[in-house]
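Okay, so here's the structure we're looking at.
The values are calculated or read from the model by the stated rules, or taken from the named source; none is laboratory data. Given the structure is predicted, the values throughout are model-derived calculations rather than measurements. When we count neighbours, we look across all protein chains shown, and the Cβ atoms used for this are built from the backbone with ideal geometry, even at glycine.
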Amino acid sequence: MPKLPNILIIDDSSFLRKSVGKLLSENEMNVFEAENLAQVRNNRFSGNKKLSDMDLVLLDIYLKGEKGFDILPYLRNEYPTLPVVILSMDDSKETVLRAFSLKANDYILKPFDEQKLIDKVNYYINLDEQCIINPRQCSVVERQPRDEFDYFQVDLSTEISRSLRSELSFSIVELSLKPEREGVINKEKLLNLIRDIDQLYSTKESNYLFLLPLTNREGVQKFINRLKEEFQTKFNLEYFDFINTITFPSDITKYVSKTRAVKYQQEILEKLQAEDR
């Protein structure tokens with residue numbers, strides 16, 4: 001019988017711990033709970049399990065009298081390959097950026113869709129542990145049994161929800177190269193050209209998708225210009241074979257509605273597929 005993953009929920013709300021714990025347990029995961037940071041540091045959340053036994057931490061950033069951010073440096077120093085996902089109602093740009101600057105692996109806004117949370121949890125507990133904190137050191141990230149486009153769709157859904165709540169834009173850049181250029185440019189090299197908060201997906205042969213949070217049309221143009229400059233100076237390439245950009249919400253809708261998140265995702269995916277044809 002395969003070993004069930006161990007998930008630690010750090011939240012001062014007993015209701016959230018129980019509701020999320022029930023959801024994870026129903027999906028064949030072992031759940032452990034901590035209501036404060038002292039329980040985490042002292043391994044007092046379980047009688048027989050320690051932090052080193054955990055496969056994932058779900059962390060709220062606002063606890064009674066303390067902040068979840070305070071535990072992140074400790075977790076990163078002591079357990080560098082343990083993925084940490086923030087669960088929070090705070091959708092401010094400053095808070096999201098701080099979470100990523102402290103090397104949180106992901107940021108999920110409350111309230112969240114249950115299936116999205118399960119998809120995210122499955123994603124992180126199946127990552128190759130050497131690639132979790134330092135993906136730029138890994139030329140390939142194992143994401144079996146699903147492919148990278150599946151995970152792009154999961155992350156896209158999260159970004160749409162975040163954008164609808166915060167009213168901040170995000171952008172997608174699709175880059176396609178001729179197969180013969182794969183010897184010059186690969187995913188590992190492209191990872192060195194993006195920010196820590198950005199995501200890169202190799203969706204098919206010689207095709208890449210960049211997901212750029214907190215990036216509007218002006219920002220995406222700056223990103224493309226920087227890519228062109230890097231391609232010229234580092235790879236001696238004068239042009240892209242194909243590049244496509246989408247900025248949400250401006251390229252998708254004029255009138256934003258928080259109830260149309262699924263529709264917006266469908267329209268983005270259709271737009272990407274149309275450009276591929």
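Tabulated data for the structure shown
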read-out: Among residues of region 101-115, those that are touching a residue at least 60 places away in the same chain (Cβ under 8 Å) and either surrounded by 18 or more Cβ atoms within 10 Å (Cβ to Cβ) or more than 17 Å from Leu58 (Cβ to Cβ) (or both), counted; value: 1
read-out: Qualifying residue in region 224-240 (condition: of a type outside the set (Phe, Trp, Tyr), surrounded by 12 or more Cβ atoms within 10 Å (Cβ to Cβ) and over 17 Å from Ile185 (Cα atoms)); value: no
read-out: Flag if Asp90 is among the charged types (D, E, K, R) and modelled with pLDDT of 80 or more; value: yes
read-out: Residue under evaluation Leu214, criteria (1) modelled with pLDDT under 85; (2) surrounded by 18 or more Cβ atoms within 10 Å (Cβ to Cβ); (3) in a loop (DSSP other than H, G, I, E, B), criterion not met; value: (1)
read-out: Residue match in region 60-81 (condition: of a type in the set (D, E, K, R) and over 23 Å from the mean Cα position of the chain (by Cα)); value: yes
read-out: Within region 154-178, considering residues that are in a helix (DSSP H, G or I), among the hydrophobic types (A, V, I, L, M, F, W, C) and closer than 17 Å to Lys254 by Cα, the one nearest to the chain's Cα centre (by Cα); value: Ile160
read-out: So Glu205, is it at pLDDT below 80, closer than 23 Å to Asp155 by Cα and among the charged types (D, E, K, R); value: yes
read-out: Cross-chain or 6+ apart pairs with Cβ under 6 Å, region 241-269 first and on the phi > 0 side of the Ramachandran plot, then surrounded by 16 or more Cβ atoms within 10 Å (Cβ to Cβ); value: none
read-out: Count of region 203-225 residues which are of a type outside the set (A, V, I, L, M) and closer than 25 Å to Ala99 by Cα; value: 9
read-out: Selection count, region 96-124, where residues are closer than 21 Å to Leu156 by Cβ and either in a helix (DSSP H, G or I) or modelled with pLDDT of 90 or more (or both); value: 15
